[in-house]
Amino acid sequence: MQIQGTLDVLLNNKKTAVWSISPHATVYEAIQTMADHNVGSVLVMRDGALLGVLTERDYTRKVILRGRQSRQTLVEEIMTTPVVTAPINASVDDVMRVMSEKRIRHVPVVEDGVIVGVVSLGDLIKWVIAAQDSTISQLESYITGSYA
C-alpha cells in the first residue's frame, strides 16, 4: 500500500518546534530537555550545524546499560551520528521505509539546508491512520450512495 502525502504537509499539521542541545552538555541536561518538552529525542547542534541526534534509546543503551553516569557523560560521547535527514518534499512512504531500514525513530526534516522540523515514527503512524480513516470514510460514502 502506497501512503500518500509529503513531510511538508505532515509538518503543517503538527507542532514543528525543534529542540536541540550542545554537544558539550551533559546527558542529564539532554534527558531533562526531552522530559520538559515531552519528546523522545533532541538534535545535537553547534552554531546551527547538525552534529548528531540523542534519543532515549541512546541513553538506555549507552549510559544505563554501560554503568555510566548521566551527569558526567557528555552528549557528544553517546549521540547518534551520522544523522539521517529527509528533505521536506520527501514522501511519508519513503521516510517510513528509511526509518524501518535504519531502525531509527526520529528524522530531522531539512529545507534548503535548514532544519524545519523533526518527524517521529509516531507522527508517521498517526498520518497513516488518518489517511486510512479518510479512505474508509470515502469508501463507505461510495458504497452507501452518499458519495458526492
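Values quoted throughout were computed directly from the atomic coordinates according to the rules given, and no laboratory measurement underlies them. Please read these numbers as outputs of a predicted model, since none were measured by experiment. Cβ: placed from backbone, ideal geometry, glycine included. Neighbour counts: every protein chain shown.
Of the residues 9, 115, 64, the one whose Cα sits farthest toward the positive end of the charge dipole of the chain, with +1 on the Cβ of Lys and Arg and -1 on the Cβ of Asp and Glu, is 64. The charge dipole of the chain, taken about its Cα centre with unit charges on the Cβ atoms of Lys, Arg (+1), Asp and Glu (-1) only, comes to about 620 debye. Taking the average, over residues, of other Cβ atoms within 10 Å as the packing measure, peptides 93-103, 44-54 rank 44-54, 93-103 from highest down. Residue exposure proxy: 55, 81, 73, ordered by other Cβ atoms within 10 angstrom of their Cβ from fewest to most, comes out as 81, 73, 55.
Each part gets one Cα centre, and for segment 80-121 versus segment 14-34 those centres are 18 Å apart. Computed from Cα positions, the angle between helix 92-102 and the longest principal axis of the chain comes to roughly 40 degrees. Once the cut-off is 20 Å, how many percent of the Cα-Cα pairs in the chain end up in the long-distance tail? Summing the P(r) of the chain above 20 Å gives 53 percent of all pairs.
Applying 0.36 nm per residue to the separation of residue 57 and residue 137 and subtracting their alpha-carbon distance, the gain on full extension is 25.1 nm.
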